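This report concerns only the one structure given below.
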Amino acid sequence: MEIIIAQKAGFCEGVKRAIEIAQKAASEHPEGVHTLGELIHNRHEVARLAEKGVHLSESLASVPGGAVVFPSHGISPALRAQAQARGLQIYDATCPKVKRAQRLAASLTSAGYQVVIIGDPAHAEVRGIVAHTDGRAVVVSNRAEAEALPPAEKVAVLSQTTHRAEDVNDITAVIRQKARQLRVEKTMCDWTSDAQRYARELAAQVDMMVVIGGRNSANTRNLASVVHDSGKPAYHIEDADELRPEWFLGVRRVGVTAGASTPEWITEEVVRRMQSFDGTTEEEKYTGGDTSEPSVPAGATEPAAAEPEEEHMTEDMIGLRPGQLVTGRVVAKTDDGLLVDVGYKTEGLVRPHDIYPAGVPTAGREVEVGDEIDVVVLRIDDKDEGRPLLSRRRAEEDKAWSRLEEALQNGEVITARVTETTKGGLIVDAGVRAFMPASQVGLEFIRDLSPYVGTEVRARVLEVDRKARKAILSEKAVLEEERQKAREKIWNTIQEGDVLPGKVKRLTDFGAFVDIGGVDGLLHVSELSWTRVRHPSEVLHEGDTINVKVLKVDRERQRISLGLKQLLPDPWTQAASKYHEGDIVEGKVVRLTGFGAFVELEEGLDGLVHISQLAPHRVAHPEEVVSVGQVVPVKILSINPEQKRISLSIREAEHEKNRHEAAEVTSQQKSEGVTLGDMVGDVLDRLQARDEDKSGQD
Ligand code: SF4
């Protein structure tokens, strides 16, 4: 089978430049740099760069600091400003051709043109160009959209750099009818138009075409569509593993082309794999190369006798076939990759991009010499005794996808480490790169997900699509199940009188709702403290962790009443031994009513000074003689701890005080031999007269 590679295929200048800039950035920042989105649209190359310290960040927020690399397809001015404001060192890998399109769009908009961009409105390059016009440019992707445009005075047409040349011409012709004045700027990239032209020419010469490149690469998709239009059978693949031997039945000439972001080594591998199909039997081509053997479990090797290569092997050699999973030992680490002894006549090679799974961190999991590893056989060229080409990445990814598929099927909970945040949620290392939407993180909405980075989460698998390399996880599902179980346990075991830990979830005017392990109980405001509480916020805050006593359980209505003050000492139990009738003590006026004043003797212990006991004279309103917060002497008239009542008197306390002062004066007079009248007059009589006066006035 003859294999012809298109004259222009693989990395374009813009992509080469972007990779050089990113690698330079990584060499200047040993801690690693982050690209804002994929540097180029090829996951294999993105994974290879990650091994060199060029990491992918989905958003600026997830760039931890240091340096940021702008991707080849450019970014918006707003993002650039944000990166500058954060003080990040910027490495701008925007392709100069994309930059030109951005500048043109901005200046034409300023000059009063309605800019129309022909391209994919969802593509990052197009969104970036539109952002350079403050969102004023319109995007059309086909004829129909162009026909729907309103007429305009001055129109300027630009195109996405990688758009199909025929489509650009076709759509421009429609726009021409809409504008009184039309300016057409050629922003389509030469590399793209050349690659499309060469692919079209090659397709005319071969039986079948293979287009290599990321499915998320607009450039490769357009190349594939040009090739499809040629009418020849054509396949768009991302790497050699997607090739199927049966495609090549009866094919004598195959054409190969590759998108601008496809590395050379992928194209080489595809070509080698196609060459290996040359010796494949018709039966193997129809069965994808897997003729009869049952699948080989991890770590097992194939019985040598069953292999067709038997005649090339000595007794201690095993047979290998592409796609087979085998276990081997790493014998050396070289610049070309790992050399692995899998029991074959020569050591196999695992190339650098095939060592670690794509898109997940490798730190702490580096493969070392002596390690036993699983590998998938990619290619075996027995005739010239070359090294078998192996992939540990594929073996690890296959195992991870199988684990995820099993977990989905069996409803198992998996544990995975969060590696970064994105705009919509978390990126999680589940052996392969998995996604946890923000709505599936925690039980309630979490605004800032950054504290999750570096932590392990337990999750259920919601969706797995191995082919699309998509895995969606949910922590919420696990937490909700646990909460449900906890709820059932609480309702089965809770008893009145239990003391339980709880978390304050919500405060209301009438109390606080406390989560006691999956069930909310009400802690009424009256049960918060022995002192009077007007609002729960005086005692609690949302999020507080407290112990509460279960006061009442109503299983039928699913209600639980809780108490907090019951766990605090009740001042009334001590009151009888501490306070006695006739004692004069100090207290603080805490409340005034129409019938008197409440005076707090200590926290939780209030007594009433009836209005008649406030002063020796008549008092119409308590405010006339006392105020809230004032500290006053009071005499205890009576105390009843059972009814939680204490009667107090300020009048009596003052009277006692006066009597005491008088007695002291008398005693002093006696000791000094002078009469009371001589020294100070009849103090006692005067005081008595004053009291009587006031009573008389009343
Ligand atoms: S395809 Fe063209 S525009 Fe796009 S990165 Fe390459 S050189 Fe630049």
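Where a number appears in this text, it was derived from the coordinates with a stated rule and is not lab data. In this text the structure is predicted, and so the values were computed from the model without any measurement. Note that we place each Cβ from the backbone using ideal geometry, even for glycine, and neighbour counts take in every protein chain shown.
Okay, here's what the table says:
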read-out: Tensor-based shape of the stretch 466-513 (alpha-carbon gyration tensor, a/c under 1.5 rounded, otherwise prolate or oblate); value: oblate
read-out: Furthest towards positive pole of dipole, LEU592, SER612, PRO571, structure part the stretch 571-654, Cβ charges; value: SER612
read-out: HN-Hα J in Hz across the stretch 401-418 - Karplus 6.51, -1.76, 1.60, θ = phi - 60°, x for Gly and Pro; value: 5, 5, 4, 5, 5, 5, 4, 5, 5, 8, x, 6, 8, 10, 10, 8, 9, 7
read-out: Distance between the stretch 349-428 and the stretch 606-676 - C-alpha centres, whole angstrom; value: 87
read-out: Relative contact order of the chain, defined on C-alpha pairs under 8 angstrom at six or more residues apart (%); value: 7
read-out: Whole-Hz couplings from phi, Karplus 6.51/-1.76/1.60, listed for the stretch 71-81; x for Gly and Pro; value: x, 4, 8, x, 9, 7, x, 5, 5, 4, 4
read-out: Interchain or long-range residues, amide H under 5 Å from ARG183's placed H; value: VAL155, ALA156, VAL157
read-out: Dipole moment magnitude, nearest 20 debye, the stretch 509-601 about Cα centre, only Lys, Arg, Asp, Glu C-beta charged; value: 200
read-out: Calculated from backbone phi, Karplus (6.51, -1.76, 1.60) coupling profile of the stretch 132-147 in Hz, x at Gly/Pro; value: 6, 10, 6, x, 7, 6, 10, 10, 10, 10, 8, 4, 4, 5, 5, 5
read-out: The stretch 97-188 - percent relative contact order, Cα under 8 Å, separation 6 or more; value: 32
read-out: P(r) tail fraction, the chain - alpha-carbon pairs more than 44 Å apart, %; value: 52
read-out: Nonlocal amide H pairs with LEU56, under 5 Å, H built at 1.01 Å; value: THR35
read-out: Inter-label distance for ALA363 and ASN169, nm, one decimal - labels placed 7 Å from Cα along Cα-to-Cβ; value: 5.3
read-out: Cross-link pairs LYS588/LYS657; LYS16/LYS333; LYS489/LYS552 - those with Cα-Cα distance over 22 Å; value: LYS16/LYS333
read-out: Backbone N under 15 Å from the LYS232 label point (7 Å along Cα→Cβ), restricted to the stretch 1-18; value: 1-9
read-out: In degrees, nearest ten, helix 96-110 long axis to first principal axis of the chain (Cα); value: 60
read-out: The chain - mean residue ellipticity at 222 nm from DSSP helices (-39,500 (n - 2.57) per run, n ≥ 4, rounded to 500); value: -9500 deg cm²/dmol
read-out: Inter-label distance for ARG559 and ARG180, nm, one decimal - labels placed 7 Å from Cα along Cα-to-Cβ; value: 7.5
read-out: Size of electric dipole in the stretch 411-479: Cβ of Lys, Arg +1 and of Asp, Glu -1, about Cα centre, debye, nearest 20; value: 260
read-out: Separation in nanometres of the label points that stand 7 Å from Cα toward Cβ, at LYS16 and THR593; value: 9.3
